[in-house]
Amino acid sequence: MNLLASLRTALRALRKNKLRSLLAMLGIVIAVGAVVATVAIGQGAQAKVAAQMASLGSNLLMIVPGSIAAHGVATGAGATQNLNREDLTAIERELTTSVAAIAPINRTGAQVVYGDQNWFTQVQGTTAAYLQVRGWALAQGEPFGREEDAAAAKVCILGKTVVDKLFPDEEHVLGEQIRVKHVPCKVIGVLAAKGQSSWGQDQDDVILMPWSTVVRRLVGTQSDAVSTMMVSARSPEAVDDAQREITSLLRQRHHLSETAEPDFQIRNLAEMQNAAKENTNTIAILLGSVALISLIVGAIGIANVMLVSVTERTREIGIRMAVGARGRDVLFQFLTEAVVLASVGGVIGLLLGAGISRWMASRFDWPTLLSPPVMAATMLLAGFAGVVAGFYPALRASRLDPIEALRFE
């Protein structure tokens, strides 16, 4: 019996019992749909986490004040401001082989006003290196430089959210004067939109100003203390070297012995990125495992239906053998029926999974990435499940005695 004739016979046999065939396919439909949808959702989640982490910057290290113990009392992390601009200058000057850029950050909240519009936002005092460290481009205008920082110039760069709140009907904001707290400030740039961070913070709800402007004019202090330093290593491979060298330099500058606890902390954001990727990978694997289990359940359903079909068609099998059909012809026929059953269910499941992925993307604003290799592999698995599920029933049919099969009622 050739393949085309086997396909026609298989389709005719499946059409005779449409409801039973549909119920047998249901397990495969659900399994394939679940595999496609879960993989698409998992890969979309990985892409979203990667994009959010990339928006923070590349090869990042964050240096923050640590805990200090004095007279038996230990302060909490960040309770003392023991990092300063001189530490930053030393890192910038001495660690050029591993450090690409470093930026100080001092933050304060401020009410900003333009005309009859106002908004409360976060103001960050920093240097021009901040844009390089964060990998943050300007949509309009230009950054401030060392001269503006040295002169505590009244200039600022606005995030997209702040622009939308203060200038709802104006397209061009460069050169406009806004008031940050009590300080008039000229807008010299607008940041490109970055969206939310991985912890849900709106990164565009920010104003950047020269570090000295925030510290001297807004906060009103003459201290050189820096609350945070953000460091960009020259490459992913240089991150560990940069962390080790910065630790050594700061311990030396702060006169700490080798056994003393450091009075600063260095947070490796690359490690946080890797941890986030591992978490999403674990979730994707778990979802895929559940979907594959449902594929096994679907295969068992096909095996059950094929066994029932062999029993019901015993007399038909006997007639085929009586007119010359060989055992391998019967085996091939029932295997073809099982594979067709699984393949049709696989196609329906493929369409269902893709539809669910698209629906979730539009309904819940959740990123999904349909993977053609995964879809093709899932279809092959569905076909393989049909072969495995149908082999025993087909083998049982091929070994029937023609005379006993003809007597079967």
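Read-outs: derived from the displayed coordinates by stated rules, not from any lab. From a predicted model like this one, the values you see are computed outputs, not experimental measurements. Quick reminder, even Gly has a Cβ in these numbers, built from the backbone with ideal geometry, and neighbours come from all protein chains shown.
Length gain on complete extension for the stretch residue 82 to residue 172, per 0.36 nm per residue less the alpha carbon to alpha carbon distance? Don't skip to the answer; put the middle values down first.
Working: separation 90, 0.36 × 90 = 32.40 nm, distance 4.11 nm.
So the chain would gain 28.3 nm between residue 82 and residue 172.
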Computed FRET efficiency, Cβ-Cβ of residue 237 and residue 281, R0 22 Å: what is it to the nearest 0.05?
0.50
Using label points projected 7 Å from each Cα along Cα→Cβ, tell me how many nm separate residue 222 and residue 347, to one decimal.
8.3 nm
Taking +1 at the Cβ of each Lys and Arg and -1 at the Cβ of each Asp and Glu, which of 95, 119, 223 sits farthest along the dipole of the stretch 81-262 towards its positive end, judged by Cα position relative to the Cα centre?
223
For the stretch 81-262, what is the per residue volume of the convex hull drawn over the alpha-carbon atoms, in cubic angstrom?
128 Å³
Near the amide H of residue 226, under 5 Å away, which other amide H atoms are found, from residues 5 or more places off or on another chain, if H is placed in the peptide plane?
83, 84, 85
The aspartates and glutamates whose Cα lies under 19 Å from the Cα of residue 160, excluding any fewer than 8 residues away in the same chain, are 116, 142, 169, 170, 171, 176, 202, 204, 205
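Test of the criteria: in the stretch 321-362, which chymotrypsin sites (Phe, Trp or Tyr not before Pro) are in a DSSP loop and have at most 10 other Cβ atoms within 10 angstrom of their Cβ? Kindly include the intermediate steps, with their values, before the conclusion.
Details: sites: 332, 334, 359; in loops: none.
Hits after loop and neighbour filter: nothing returned.
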Output the direction-averaged projected area (hull surface divided by four) of the convex hull of the alpha-carbon atoms of the stretch 156-228, in nm².
5.7 nm²
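Rounded, prolate or oblate: which one fits the stretch 154-276, using the alpha carbon gyration tensor with axes a ≥ b ≥ c (rounded when a/c is under 1.5, else prolate when a/b beats b/c, else oblate)? Kindly include the intermediate steps, with their values, before the conclusion.
Working: a/c = 3.04, a/b = 1.65, b/c = 1.84.
Note, shape of the stretch 154-276 comes out oblate.
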Just subtract the alpha-carbon distance of residue 12 and residue 391 from 0.36 nm times their residue separation and send over the number in nm, one decimal.
134.5 nm
If I stretch the segment between residue 117 and residue 257 completely, what's the gain in nm (0.36 nm per residue apart, minus their alpha carbon distance), one decimal?
45.0 nm
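Can you sort 204, 116, 240, 87 so the residue with the fewest Cβ neighbours within 10 Å comes first?
Working: 204 19, 116 5, 240 15, 87 23.
Listed from fewest to most nearby Cβ atoms, that is 116, 240, 204, 87.
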Could you calculate the FRET efficiency of residue 107 with residue 358 from 1/(1 + (r/R0)^6), where r is the beta carbon distance between them and R0 is 45 Å, rounded to 0.05?
0.65
Please compute one quarter of the surface area of the Cα convex hull for the stretch 197-240 and express it in square nanometres.
5.1 nm²
If the cut-off is 17 Å between C-alpha atoms, which lysines fall inside it for residue 165, apart from same-chain ones fewer than 8 positions away?
181, 186, 194
Enumerate the amide H contacts of residue 140 below 5 Å, restricted to partners 5 or more residues apart or on another chain; note that Pro and chain-start residues carry no placed amide H.
190
Spacing of the two label points (7 Å from each Cα toward its C-beta) at residue 96 and residue 154, in nm
3.8 nm
Where a Cα-Cα gap under 12 Å defines reach, which aspartates and glutamates qualify for residue 48, not counting those fewer than 8 residues away within the same chain?
365
When the dipole is taken about the Cα centre of the stretch 81-262, and only Lys, Arg (+1) and Asp, Glu (-1) are charged at their Cβ, what size is it in debye, to the nearest 20?
400 debye
